[in-house]
Amino acid sequence: MCATCGCAGGERIRHQHDDGTWHEHGAHQPGGEHEQHRHDTGQHVHGQTVTLEEKVLARNDMLARQNRDWLRARGILALNLMSSPGAGKTTLLERTARDLAGELVLGVIEGDQETALDADRMRAAGCRVVQVNTGTGCHLDAMMVREALTALDPPDGSVIVIENVGNLVCPALFDLGEAHRVVLASVTEGADKPVKYPHMFRSADLVLVSKTDLLPYLDFDLARCTADLGKISPGATVLPVSARAGDGLGEWYGWLRQWVPAATPR
């Protein structure tokens, strides 16, 4: 997390107007935890680091509860979508937005260190989008999501997908106020990712094994990956999918539909 991985503030909240132009907000100053990091040469006090970690997470959890209450009051379903870079989060969301157009009102909060490339893709797919650029930060936090929700202004009863920064470590630690956590594990990454990054997969409500159309060309043991996921996160649903070929998308849409009416927080 922030006290140990070195990520800092400097994030920018960007959203598009109907004419396609961007409006940008500067970095927030959430109580100073991010801004007060110190790295004294030759000295490291473990107790101070742990205390700072606890303070950062405690403040984040408080804000996440407020986000969750805000979303629940409006009947909005929020999903925290996480994976390593390149696992196919944006491609899955593009296909989902187009396939379910007219059925779901889908808004997206895009988290990336830089650029609005993914936000542009989602806007082209028909979604209202807010881009959050984290700069050197490696994850979204509850304050960033709160500001993004204000900019996005989602309608009651809609679905918000928070596409987190590509990273299998820090995003797992930060509650954003989501109702459910969805983690992608692409077959191009290898079948061992659940055992290498157990905290991420242990926190998942749904694991999508993505890019399955590439299985004939890879040495990927789907049975092993599924078995490992069953041990690490026995409560999670596991679905193999291919956003490009369409395999498994019916099951993904079915999982999504079952939560839309209730939008029950986790």
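Some notes on this structure:
- 2 or more residues touching a Cys at 6+ places or on another chain (Cβ under 9 Å): qualifying helices (runs of 4 or more DSSP H) within the range 76-170: 89-99
- Any hit, the range 197-209, residues being in contact with a Phe, Trp or Tyr (Cβ under 9 Å, 6 or more places away or on another chain), surrounded by fewer than 20 Cβ atoms within 10 Å (Cβ to Cβ) and polar (S, T, N, Q): no
- Residues located in the range 198-209, provided they are without any contact (Cβ under 8 Å) to a residue 60 or more places away in the chain and in a helix (DSSP H, G or I): Pro198, His199, Phe201, Arg202
- Filter pass, Asp118 being in contact (Cβ under 8 Å) with a residue 40 or more places away in the chain, farther than 28 Å from Ser186 by Cβ and among the charged types (D, E, K, R): no
- Count - residues of the range 219-243 that are farther than 24 Å from Arg181 by Cβ and surrounded by 13 or more Cβ atoms within 10 Å (Cβ to Cβ): 1
- Residues in the range 127-157 that are surrounded by fewer than 24 Cβ atoms within 10 Å (Cβ to Cβ) and of a type in the set (D, E, K, R): Arg128, Arg146, Glu147, Asp153, Asp156.
- Within the range 210-236, residues that are farther than 20 Å from Pro85 by Cα and basic (Lys, Arg) have Cβ atoms under 7 Å from residues that are modelled with pLDDT of 95 or more and part of a helix (DSSP H, G or I) in no pair, counting only partners at least 6 apart in sequence or on another chain.
- Matching residues, the range 98-114, being more than 15 Å from Leu140 (Cα to Cα) and surrounded by fewer than 20 Cβ atoms within 10 Å (Cβ to Cβ): Arg98, Asp99, Leu100, Ala101, Gly102, Glu103, Leu104, Val105
- Among the residues of the range 182-211, the ones that are touching a helix residue (DSSP H, G or I) at 6+ places or on another chain (Cβ under 8 Å), within 26 Å of Arg74 (Cα to Cα) and not small (Gly, Ala, Ser) come to 2 in all.
- Residues of the range 158-181 satisfying the condition of being in contact with a Pro (Cβ under 7 Å, 6 or more places away or on another chain) and under 22 Å from Ala73 (Cα atoms): Ile160, Ala179
- Residue within the range 175-188 that is outside any loop (DSSP other than H, G, I, E, B) and more than 17 Å from Leu92 (Cα to Cα) present: no
- Among the conditions (1) farther than 27 Å from Gln131 by Cα; (2) surrounded by 14 or more Cβ atoms within 10 Å (Cβ to Cβ), the only one that Pro216 does not satisfy is (2).
The values are calculated or read from the model by the stated rules, or taken from the named source; none is laboratory data. Everything numeric here is computed off the predicted structure, so don't read it as measured data. All Cβ positions, even for glycine, are placed from backbone atoms using ideal geometry, and neighbour counts span all protein chains on display.
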